[in-house]
1. Against the definition (open to solvent by 10 Å² or more (accessible area, probe 1.4 Å) and of a type in the set (Lys, Arg)), how does residue 151 come out, yes or no?
2. Any residue in the stretch 180-189 that is outside any strand (DSSP E or B), without any contact (Cβ under 8 Å) to a residue 40 or more places away in the chain, open to solvent by less than 20 Å² (accessible area, probe 1.4 Å) and of a type outside the set (Ser, Thr, Tyr)?
3. Which ones in the stretch 107-130 are open to solvent by 40 Å² or more (accessible area, probe 1.4 Å) and part of a loop (DSSP other than H, G, I, E, B)?
4. How do the pairs read when you match residues in the stretch 120-149 that are within 22 Å of residue 44 (Cβ to Cβ) with residues anywhere that are among the acidic types (Asp, Glu) and assigned to a helix (DSSP H, G or I), using Cβ under 6 Å and keeping only pairs 6 or more apart or on different chains?
5. Could you list, in sequence order, all residues of the stretch 81-118 that are closer than 24 Å to residue 231 by Cα and in contact with a helix residue (DSSP H, G or I) (Cβ under 6 Å, 6 or more places away or on another chain)?
6. Among the numbered criteria (1) within 19 Å of the chain's Cα centre (by Cα); (2) surrounded by fewer than 20 Cβ atoms within 10 Å (Cβ to Cβ); (3) in a loop (DSSP other than H, G, I, E, B), which one does residue 161 miss?
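The values are calculated or read from the model by the stated rules, or taken from the named source; none is laboratory data. All of these numbers come straight from a predicted model, not from anything done at the bench. As a convention, Cβ positions derive from the backbone with ideal geometry for all residues, glycine included, and neighbour counts pool all protein chains shown. Accessible surface is based on the protein model in full, side chains and every heavy atom, while ligands, DNA and RNA are left aside. Shrake-Rupley method; radii C 1.70, N 1.55, O 1.52, S 1.80 Å.
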Amino acid sequence: FITTAINYLQYRQAIRTEAVQQISRLTLNTKRSLELFLSERRSALTFINNDRSFEELCSEESLRRIIAAMNRSLEVGAFVDLGLIDDTGEQLCYSGPYQLEGRDYSDQDWFHEVARRGTYTSDVFLGFRELPHFVIASRHERPDGGFYVLRATVDAEMLGEQVLTAGLEPTDDVFLVNRDGVLQTPSRRYGTALSRIPLDVPDTPTGVGVSERGDEKGGPVFLATATIDGSPFVLMMVRRASEPIGR
């Protein structure tokens with residue numbers, strides 16, 4: 001009886017270890033994919049901002065050509081629009097589906113962050129267009145000491161597509177939140193983008209963290225989290241602890 005009990009406990013521990021390793025591997029692969037997705041777009045935007053003069057950029061037709069070229073060159077086209085904004089926050093030139101030329105962004109968090117950091121990826125917000133999106137922006141210094149910002153908008157749906165990775169079980173829930181626990185992509189368990197989740201967002205500065213806890217119904221689940229470098233996003237994956245391993 002004692003030997004059987006020990007073997008059972010060892011078997012349960014082996015199953016748990018395998019489950020943790022699998023969800024950790026899936027989360028790490030998704031983290032790397034997201035970081036590459038964002039890095040490619042930041043790099044493309046920064047290159048354009050440094051390669052073209054202000055006069056070349058400040059034209060609706062020129063911005064339209066740049067959007068088309070960048071979306072062709074990237075594996076997954078994602079830029080909805082482009083705008084050129086001066087150091088007072090006024091959008092001087094714009095190309096996209098909305099009437100946003102002349103908008104004042106001086107009170108927007110993302111504008112202050114890119115002015116301070118040089119490049120910035122925002123979290124998901126509604127903004128003037130009242131649709132979930134996020135911003136990638138790059139600052140360029142002018143010879144007179146001022147600066148301007150090239151700002152690209154990315155549809156939030158693109159983030160949702162990036163987190164749907166291979167190897168997910170039908171009951172898995174994978175989503176992005178910001179550091180405040182606000183959903184950046186839809187969640188099967190917790191609702192639509194911009195809803196707040198009933199979970200604490202753990203601090204995982206590097207790699208992947210996995211914990212076992214009770215879900216909102218009291219059932220055991222594994223929760224894997226990973227910080228997406230260069231962004232305000234935190235990746236979360238929830239899997240039932242009783243889910244069978246490997247199909």
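1. For residue 151, the condition - open to solvent by 10 Å² or more (accessible area, probe 1.4 Å) and of a type in the set (Lys, Arg) - is not met.
2. Taking every residue of the stretch 180-189 in turn, at least one turns out to be outside any strand (DSSP E or B), without any contact (Cβ under 8 Å) to a residue 40 or more places away in the chain, open to solvent by less than 20 Å² (accessible area, probe 1.4 Å) and of a type outside the set (Ser, Thr, Tyr).
3. Selection gives 107, 108, 123, 126, 130.
4. Short answer, once both residue conditions are applied: 120/113.
5. 82, 84, 89, 105, listed by residue number.
6. It fails just one condition, (3).
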